[in-house]
Amino acid sequence: MQKEEVKPYWDLLEKQKAALFGKRLFDIVVSALILLILSPLFLLLALAVKLDSRGPVFYRQVRVGRYGQDFKIFKFRTMVQDA
């Protein structure tokens with residue numbers, strides 16, 4: 001791609017930089033608040049999983065994400081261990 005073809009998109013991105021930063025900040029703050037509000041529920045869920053069966057509370061797995069990059073996920077375990 002030539003530089004002239006990219007310039008209009010780059011200029012548009014430069015104009016929206018503040019809006020994109022604001023959206024990212026909003027996403028992080030709202031996510032943190034939701035995690036804080038739901039943390040008692042998560043604690044009860046972890047306790048229920050632990051009391052129901054032996055093994056870890058969380059299930060860990062490596063998955064392939066965007067551009068083929070690996071990332072780790074953590075989920076509450078919903079099946080018995082080694083199922």
Tell me, please, whether a residue that is surrounded by 10 or more Cβ atoms within 10 Å (Cβ to Cβ) and basic (Lys, Arg) can be found in the stretch 62-71.
no
For the stretch 32-65, the count of residues that are in contact with a strand residue (DSSP E or B) (Cβ under 8 Å, 6 or more places away or on another chain) and among the charged types (D, E, K, R) equals 2
Failed item, numbered, when Lys50 is tested on (1) at positive phi; (2) charged (D, E, K, R); (3) part of a helix (DSSP H, G or I)
(1)
For the stretch 72-83, how many residues meet the condition of being surrounded by 11 or more Cβ atoms within 10 Å (Cβ to Cβ) and either more than 14 Å from the chain's Cα centre (by Cα) or in a helix (DSSP H, G or I) (or both)?
2
Could you run through the stretch 1-32 and say how many residues are in a loop (DSSP other than H, G, I, E, B) and among the hydrophobic types (A, V, I, L, M, F, W, C)?
1
Residues satisfying the stated conditions in the stretch 1-54, i.e. within 24 Å of the chain's Cα centre (by Cα) and among the β-branched types (Val, Ile, Thr):
Ile28, Val29, Val30, Ile34, Ile37, Val49
Could you go through the stretch 29-45 and let me know if any residue there is farther than 30 Å from Thr78 by Cβ, surrounded by 10 or more Cβ atoms within 10 Å (Cβ to Cβ) and touching a helix residue (DSSP H, G or I) at 6+ places or on another chain (Cβ under 9 Å).
no
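Bear in mind that the values in this text are calculations on the coordinates, not laboratory data. From a predicted model like this one, the values you see are computed outputs, not experimental measurements. Glycine also receives a Cβ, built like all others from the backbone with ideal geometry; neighbour counts cover every protein chain displayed.
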